[in-house]
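Asker: This is the structure I want to talk about, given as structure tokens.
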Amino acid sequence: MQFGLFTVADVTTDPTTGKTPSEYQRIKAQVEIGKLADQVGLDVMAYGQHHNPPFVASSPTTTMAYVAAQTENILLSTATTLITTTDPVRIAEDYATLQHLTDGRMDLMLGRGNTGPVYPWFGKDIRKGIELAIENYDLLHRLWREDVVNWEGNFRTPLHGFTSTPRPLDGVAPFVWHGSIRSPEIAEQAAYYGDGFFSNHIFWPASHTKAMVSLYRRRYEHYGHGAAHQAIVGLGGQAYIAPTSQQAVREFRPYFDNAPVYGGGPSLEDFTEQTPLVVGSPQQVIEKVLGFRDYVGDYQRQLFLMDHAGLPLPTVLKQIELLGTEVVPVLRKEFAALKPADVPDAPTHRSLVEAAGGPHESIDTTPRTDRWTGTRAEDANHLEPANHLEAANHLDPANHLDRVTTGLSQEGNH
């Protein structure tokens, strides 16, 4: 099981001092957090993607590459790669490059984001968010697995004889988690491809998360990837740790009460009772996280948000030390003792390469016939404009949205 951190890189005023970190300070803090997470033995450091204030997470691959160069073991991931507003060709190229630079020490979690105004900034319509997520991932999935791609969809220009470079390291695409808090269509999408499903349930009660994960598990088995209990599940969570619960509550309360995301809402006590947030001693954190298994089953990844709401960097680093030295070692032991032998470990590049029969060069330079033009793609500049309408009628990106709708209707009210 993988344990780690995720960050959204918010720039928030510290309510106890009135000081607001600069963008420079927050960007540098993301690096220090990743380095310490590696040093204390955490498995994953995940960086978000946002394109609006108060966040400074607009270029996660840049941050991930910089952190990877200064760490030894930790796997770099994303706390959302925006599949809706980021062109899938750029995702394919950027993350394949990162895969090579990190020697496979990376993966990514896709999501739609939760900031409506971002969509028009990138020429997209938020009302098409689900359709964008489905179509864009269909293309991304193919770009990493087919050396020459001919493709046409509704939201970007067609691709004719296109090869995404660099090709995936060892011929194996990065592992993908599909992240969603509220959309069953995304759970269905993850199940269809046999990918991971990440439920960042930091604002939701256990009953909601249980329903989403259960849907994903059933559909994972339906598509023939394995038994439901073998599906690849990840969870988010929040924690603030101190030697005693009284100290933890006293220190964290002003940050909770003034946080942009939940300040002015339920009390800290109500929020910790109704959601995965845990504010307390190391033992209290251990007990609550172990309880997640009761409603999602055996799972593969647990990430914590610990650097938000204006918490100063020294406090965050102390939290990471406590998590890595006093909490995670116990969680590893306890979860390992509970896990059945047939439940898979969290996927890594090494395990995926082994499952593929070993490393191999992906690129095939054999001249290909472009099915859109009827000739070789490299001769396309010499062609008269082709009528692609007939070819488009034969496209089979699988009408995945129809499959999602059908699958959900079969699931009834789940």
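Asker: The chain: D in µm²/s via Stokes-Einstein (Kirkwood Rh, Cα pairs, 37 °C, 0.692 mPa s)?
Answerer: Approximately 146 µm²/s, per Stokes-Einstein.
Asker: What's the ranking of 314-325, 209-220, 190-201 by average number of surrounding C-beta atoms within 10 Å, highest first?
Answerer: 190-201, 209-220, 314-325
Asker: Then there's this: What span do the alpha-carbon atoms of the range 129-260 cover on each of the three principal axes, reported in whole Å from largest to smallest?
Answerer: Result, largest extent first: 62, 32, 32 Å.
Asker: Right, here's the next one. Using only Cα atoms, tell me the angle between helix 245-258 and the longest principal axis of the chain; keep it within 0 to 90° and round to the nearest 10.
Answerer: Rounded to the nearest ten degrees, it is 60.
Asker: Leaving out same-chain residues fewer than 8 places away, which aspartates and glutamates sit with a Cα under 12 Å from that of Lys35?
Answerer: Output for Lys35: Asp43, Glu72, Glu321.
Asker: Also, quick follow-up: Can you give the translational diffusion coefficient of the range 46-164 in µm²/s, computed by Stokes-Einstein from the Kirkwood radius over Cα pairs at 37 °C and 0.692 mPa s?
Answerer: Value of D from the Cα-based Kirkwood radius: 219 µm²/s.
Asker: Let me ask you something else. Send over the per residue convex hull volume for the range 207-309, Cα only, as a whole number of Å³.
Answerer: Normalising the Cα hull of the range 207-309 by residue number yields 101 Å³.
Asker: What share of all Cα pairs of the range 266-327, in percent, falls into each consecutive 5 Å distance bin?
Answerer: The distribution over the range 266-327 is 4, 14, 23, 27, 21, 9, 3, given as percents.
Asker: Turning to a different aspect of this structure: Which value, in Å², gives the accessible area per residue of the range 94-252 when a 1.4 Å probe is used on the protein heavy atoms?
Answerer: Computed with neighbouring chains in place, this is 36 Å² per residue.
Asker: Please compute the modelled spin-label separation between Ser267 and Ala69, points set 7 Å along Cα→Cβ, answer in nm with one decimal.
Answerer: 5.0 nm
Asker: Still on this model: In nm, give the distance between the simple-model label positions of Asn52 and Arg182, each being 7 Å from the Cα along the Cα-to-Cβ direction.
Answerer: The modelled label-to-label distance comes out at 1.4 nm.
Asker: Here's a follow-up. Of the accessible area of the chain, with the probe set at 1.4 angstrom, what percent is carbon plus sulfur?
Answerer: Taking all protein chains in place, the chain shows 51 percent carbon and sulfur surface.
Asker: Using +1 at the Cβ of each Lys and Arg and -1 at the Cβ of each Asp and Glu in the chain, identify which of Val343, Ser199, Ala231 lies farthest towards the dipole's positive end.
Answerer: Of the options given, the answer is Ser199.
Asker: Pulled fully out, how much extra length does the chain show between Ser59 and His229, if you take 0.36 nm times their separation in residues and subtract their Cα-Cα distance?
Answerer: Extra length from Ser59 to His229 when fully extended: 57.7 nm.
Asker: Quick check on packing: order 77-89, 274-286 by the mean number of other C-beta atoms within 10 Å, highest mean leading.
Answerer: My ranking of the peptides, most packed first, is 77-89, 274-286.
Asker: How much of the DSSP beta bridge set in the chain is antiparallel, as a percent to the nearest 5?
Answerer: Bridges in the chain are about 15 percent antiparallel.
Asker: Pairs Lys124/Lys210; Lys19/Lys333; Lys19/Lys210; Lys210/Lys333; Lys28/Lys128: which are spaced more than 29 Å apart, C-alpha to C-alpha?
Answerer: Over 29 Å apart, Cα to Cα: Lys124/Lys210; Lys19/Lys333; Lys19/Lys210; Lys28/Lys128.
Asker: Taking the Cα centre as origin and putting +1 on Lys and Arg beta-carbons and -1 on Asp and Glu beta-carbons, what dipole magnitude results for the range 1-125, to the nearest 20 debye?
Answerer: Computed charge dipole of the range 1-125: roughly 240 debye.
The values are calculated or read from the model by the stated rules, or taken from the named source; none is laboratory data. Computed from a predicted structure; not experimentally measured. A quick note on method: Cβ atoms are made from the backbone with ideal geometry, for glycine too, and the neighbour counts reach across all protein chains shown. SASA here: full protein model, heavy atoms, side chains in, ligands and nucleic acids out. Shrake-Rupley method; radii C 1.70, N 1.55, O 1.52, S 1.80 Å.
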